[in-house]
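**Student:** Here you go, one structure.
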Amino acid sequence: MANLKEIRNRITSIGSTMQITSAMKMVSAAKLKKAQDAITAMRPYSSKLTELLQNLSATLDSDAGGAYSIQRPIHKVLLVTITSNRGLCGGFNSSITKEVIKTVNEKYADKTVDIFAIGKKGGAILSKLYNLVDSRNDIYDDLTFDNVALIAEELMSFYAEGKYDRIEIVYNQFKNAATQLPQVEQFLPIKPIEGGDAAAVNSDYIFEPSKEEIVLALIPKSLKTQLYKSIRDSFASEHGARMTAMHKATDNAKDLRDDLLLTYNKARQAAITNEILEIVGGAEALNN
């Protein structure tokens, strides 16, 4: 009977775990809907703003974009990693760690690489592998454009002052609840339009004020929007990954509970059968 008691305790424990994982799944599903709507609404704006900036930049001299367009020989690189503050989201955070290691080994093996971490999980792991210059874990407490803009301004100052020759963002792009795609995007210097030239901008446009002034005004806004979009993408991906992970955990717990119930019933049936056999055997012995 001690064995049966142990199995009952395990069944009870797994049932409690199922309740927790099921509740976490529902919470993440509710948060995912809001985060998904936010990133879906923002992507067209961010994409159009980047396209406009690249098209305008293509018609100007290489130095017209200011300090953020200057291309320098790459010696020092800053990778901005966007992860979560909490776990229980499958391979969401580990995929960023793997992508950072892959990027360093393949692109910047002979360069000095520093990490600017957004999110506790990524910072905790990557700080053991690379130099961590800063960690911003409180951004998710109040995820607004204004708060992200402050981080973007700090990154922009790093590049303008020559502390780094390239800054890239590593984050998970949201595709759907079950799929998150690790991305590495160049943040600074501003990436010129691929194959673009002066013909990229409609010649019928009338610019007021000048194109140079428009570009210089758009660059900070575009960079802040790019970082905000990346964090929003990662935020939606986190809830999608956690919802999927908790769904799988609940299913696995249910399968384990069913197996234990079957084992418990078999053991209980065997115990009852043994008791009956002992009673029958005792009665036969008395009759003899």
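The values are calculated or read from the model by the stated rules, or taken from the named source; none is laboratory data. Worth saying up front: this structure is predicted, and the values here are computed from it rather than measured. Ideal geometry is used to build each Cβ from the backbone, glycine not excepted, and the neighbour counts take in all protein chains shown.
**Student:** Among the residues of the stretch 213-236, are any modelled with pLDDT of 90 or more, surrounded by fewer than 15 Cβ atoms within 10 Å (Cβ to Cβ) and not in a loop (DSSP other than H, G, I, E, B)?
**Tutor:** The answer is yes, given that some residue of the stretch 213-236 is modelled with pLDDT of 90 or more, surrounded by fewer than 15 Cβ atoms within 10 Å (Cβ to Cβ) and not in a loop (DSSP other than H, G, I, E, B).
**Student:** Among the candidates 101, 96, which residue alone is within 20 Å of the chain's Cα centre (by Cα) and surrounded by 18 or more Cβ atoms within 10 Å (Cβ to Cβ)?
**Tutor:** 96
**Student:** Write out, first by first residue and then by second, each pair whose Cβ atoms fall under 8 Å of each other, whose residues are 6+ apart or on separate chains, and whose first residue, in the stretch 6-24, is touching a residue at least 24 places away in the same chain (Cβ under 8 Å) and closer than 15 Å to residue 255 by Cβ while the second is surrounded by 14 or more Cβ atoms within 10 Å (Cβ to Cβ) and of a type in the set (Phe, Trp, Tyr).
**Tutor:** 11/264
**Student:** Tell me which residues, restricted to the stretch 144-168, are buried (at least 20 other Cβ atoms within 10 Å of the Cβ) and either of a type in the set (A, V, I, L, M) or in contact with a His (Cβ under 7 Å, 6 or more places away or on another chain) (or both).
**Tutor:** 148, 152, 155, 156, 167
**Student:** Residue check: is residue 6 of a type in the set (Asp, Glu), out of contact with any strand residue (DSSP E or B) (no Cβ under 7 Å at 6 or more places or on another chain), at pLDDT below 90 and under 30 Å from residue 238 (Cβ atoms)?
**Tutor:** Against the criterion (of a type in the set (Asp, Glu), out of contact with any strand residue (DSSP E or B) (no Cβ under 7 Å at 6 or more places or on another chain), at pLDDT below 90 and under 30 Å from residue 238 (Cβ atoms)), residue 6 does not qualify.
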